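See structure below.
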Amino acid sequence: MRATINRGRYASEEEVVAAALQLLEARETLYREKLAELQEKITAEIESLDRGEGIDGETVFAELEAESQRLEAQMTQASEAVK
């Protein structure tokens, strides 16, 4: 704290503490906003799934695996072309 005051940005320990508390409050406000946003997205997605609009997990993982294999093949081809 003393180093912060010595740099001249703050005149006292009280100013440093006040600034720190403002930053903490801003951080907590941002956290609450992001959490609320995430909760809204989760709720919307659950409702979507309840309406049958989702993709089952097995399909998602199969698509991810296929994409992974495709990318791996591309990387292998690119590596061989450099040789």
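Odds and ends about this structure:
- Projecting the Cα atoms of Gln69, Gly57, Ala18 onto the charge dipole of the chain (Cβ charges, centred on the Cα centre) puts Ala18 farthest toward the positive pole.
- Cα shape, the chain, gyration tensor, a/c 1.5 rule: oblate
- Ellipticity at 222 nm from helices only: DSSP H runs of n ≥ 4 in the chain, each -39500 (n - 2.57), divided by the residue count, give -29000 deg cm²/dmol.
- For the chain, the list of GluC sites (Glu not before Pro) that fall in a loop by DSSP and count at most 13 other C-beta atoms within 10 angstrom reads Glu53.
- Selected from Gln22, Gln69, Gln39 as most flexible by GNM, with the chain as the system and alpha-carbon contacts under 10 Å: Gln69
- Taken about its Cα centre, the chain carries a charge dipole of roughly 780 debye when the Cβ of each Lys and Arg holds +1 and the Cβ of each Asp and Glu holds -1.
- Candidates Arg51, Arg27, Arg70, ranked by Gaussian network fluctuation over the chain, Cα under 10 Å, top entry: Arg70
- With each label modelled as a point 7 angstrom along the Cα→C-beta vector, the Ser79-Val17 pair spans 5.9 nm.
- Compared with the dominant principal axis of the Cα atoms in the chain, helix 13-50 is inclined by about 30°.
- Residue-wise HN-Hα couplings along the range 53-61, as the Karplus relation 6.51 cos²θ - 1.76 cosθ + 1.60 with θ = phi - 60° gives them from phi, are 8, x, 10, 5, x, 4, 5, 4, 5 Hz; Gly and Pro carry x.
All of the numbers you see were taken from the coordinates with simple rules; none came from a lab. Keep in mind it's a predicted model, so treat the numbers as computed, not measured. Positions of Cβ are backbone-derived with ideal geometry, glycine not excepted, and every protein chain shown enters the neighbour counts.
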